[in-house]
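Read the structure below first, then the notes.
Read-outs: derived from the displayed coordinates by stated rules, not from any lab. Owing to the predicted nature of the structure, the values given are computational and were not obtained by experimental measurement. Backbone-built Cβ (ideal geometry, glycine too); neighbour counts: all protein chains shown.
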Ligand code: ATP
């Protein structure tokens with residue numbers, strides 16, 4: 001790590017960038033993953049780099065859907081592992097969910113690297129290598145998955161996902177929960193529950209919620225989902241971005 005002083009106003013952002021670059025050299029993050037991170041950072045700026053009310057509401061609904069699921073699965077890609085690997089393992093544990101490494105830019109070597117990395121953080125029985133099923137409608141490598149994981153899941157948490165894959169999962173009849181800082185992405189618009197928040201904030205928030213909500217009754221959890229409207233959440237995220245952009249527009253040197 002280069003010596004970024006902790007007093008630097010963008011310390012966290014700079015350290016996170018260095019972490020991703022290091023993870024790319026370790027064969028966990030892809031080169032394209034660095035570009036996706038840059039897009040995420042831009043949207044994080046626009047939502048104020050905080051968990052807004054619309055994100056907190058979606059996080060609650062996401063936890064409710066995962067707790068109600070018969071077969072919840074958490075899908076992990078390189079960026080998700082690098083940014084929130086340990087926290088995703090903890091969340092999956094609280095939900096009784098399987099984890100599956102599923103990559104857009106799939107190579108078997110990178111799948112193995114990510115599985116080994118997650119195991120080093122305490123993850124167990126992580127799916128990913130030797131896929132034995134296919135998501136219909138996607139060309140070969142992007143559709144590969146596991147029959148015990150994503151393929152047979154009823155509810156999937158797919159952070160930082162690609163739009164085509166999110167659509168294909170919806171077509172299979174799954175409840176799709178995503179974490180995506182861009183409320184305009186195809187994934188954000190396709191998912192049933194879109195958490196417009198940084199994965200580094202969203203996953204620990206969800207784990208804290210899960211610890212409390214696992215004591216709720218199924219009826220209480222269903223009620224949260226009944227009252228949840230993803231369209232309203234996405235509109236609130238866009239309104240927030242609009243407000244922040246207007247405030248910046250009024251700013252003078
Ligand atoms: P889509 O195919 O859904 O339209 P895309 O092509 O813009 O999306 P991808 O590169 O496939 O995007 O996926 C990355 C998504 O993850 C982007 O929307 C980006 O804003 C978001 N993202 C990147 N970093 C983070 C992060 N740390 N937390 C949450 N979301 C992030």
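With the simple model of a label 7 Å out from the Cα in the direction of the Cβ, residue 184 to residue 148 spans 4.3 nm. For segment 53-239, DSSP calls about 10 percent of its internal beta bridges antiparallel. Can you tell which of 157, 67, 138 shows the greatest fluctuation in a Gaussian network model of the chain with Cα springs below 10 Å? Looking only at 157, 67, 138, the largest GNM fluctuation is found for 138. log10 I(q)/I(0), Debye, Cα-only segment 36-131, no solvent, q = 0.13, 0.18, 0.21, 0.25 Å⁻¹? Log10 of I(q)/I(0), two decimals: -0.53, -0.94, -1.13, -1.25. Estimated from the Cβ-Cβ distance and a Förster radius of 51 angstrom, the FRET efficiency linking residue 15 and residue 217 is about 0.75.
Here the Kirkwood formula puts the hydrodynamic radius of the chain at 18.5 Å, using every distinct Cα pair.
Dividing the summed -39500 (n - 2.57) terms of all DSSP H runs of n ≥ 4 by the residue count of the chain sets its mean residue ellipticity at 222 nm at -18000 deg cm²/dmol. Over the chain, Cα pairs under 8 Å with separation of 6+ residues give a relative contact order of 23 percent. When the Gaussian network model of the chain links Cα atoms closer than 10 Å, the mean-square fluctuations of 121, 12, 169 top out at 12. Derived from the Cα gyration tensor, the three semi-axes of the equivalent ellipsoid of segment 3-78 are 28, 20, 11 Å, largest first. Quick one: among 132, 79, 182, which has the greatest mean-square fluctuation in a GNM of the chain with alpha-carbon springs under 10 angstrom? Greatest mean-square fluctuation among the candidates belongs to 132.
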